[in-house]
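For reference, the structure discussed in these notes is given below.
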Amino acid sequence: MLSYYIMEVKDFVNVGKPVPGTELKKIKQNIKLAQKNAVKWAADQTEIYKHIGSLYHALGKNNHAVGWWERAVANGTTLGAQLEAGKAEAELKSLSSGD
């Protein structure tokens, strides 16, 4: 579900329009729901954290994005989810390099 909102936010950003308030409210609700689900399903935590970071990045909140991506890297390393941890680390590197 978060992937859908990431794409939707990117579409708004690409055409230079702000995200409508109703959509923003749905996005925030889904972020909270994803955080709750991450606690329940440890196997998906790393991917959920990475997606939350991507969503914040798409919204232009890079400080929040960095925090979530760092959490995804740490969590993926701990749980052995190296692929997702690597993807989150790549997101961090692309943000720091300005891509």
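Pairs from the list Lys36/Lys61; Lys32/Lys61; Lys32/Lys87; Lys10/Lys50 with a Cα-Cα gap above 19 Å: Lys36/Lys61; Lys32/Lys87.
Take the Cα of Phe12, go 7 Å toward its beta carbon, and the backbone nitrogen atoms of the range 27-49 under 14 Å from that spot belong to 27-31. Using Cβ point charges alone (K and R +1, D and E -1), the dipole size of the chain about the Cα centre works out to roughly 400 debye.
When restricted to Cα atoms, the chain yields an Rg and a Dmax of 13.3, 39 Å, respectively. Specify whether the C-alpha gyration tensor of the range 13-57 places it in the rounded, prolate or oblate class, a ≥ b ≥ c being the square roots of the eigenvalues: rounded for a/c under 1.5, otherwise prolate if a/b is larger than b/c and oblate if not. Verdict is oblate for the range 13-57. Ignoring aspartates and glutamates fewer than eight residues from Lys25 along the same chain, the ones with Cα atoms less than 20 angstrom from its Cα are Glu8, Asp11.
Label separation (Leu92 vs Thr77): 0.7 nm, computed from points 7 Å beyond Cα along the C-beta direction. Normalised by the number of residues in the chain, the mean separation of alpha-carbon contacts (under 8 Å, six or more apart) gives a relative contact order of 23 percent. Calculated [222 nm] ellipticity per residue, helices only, for the chain: -27000 deg cm²/dmol; basis is -39500 (n - 2.57) per DSSP H run with n ≥ 4, divided by all residues, nearest 500.
Every read-out reported here was derived from the displayed coordinates using simple, explicitly stated rules and does not represent laboratory data. Quick caveat, the model's predicted, so the values are computed rather than measured. So basically every Cβ, Gly included, is an ideal-geometry build from the backbone, and we count neighbours across all protein chains shown.
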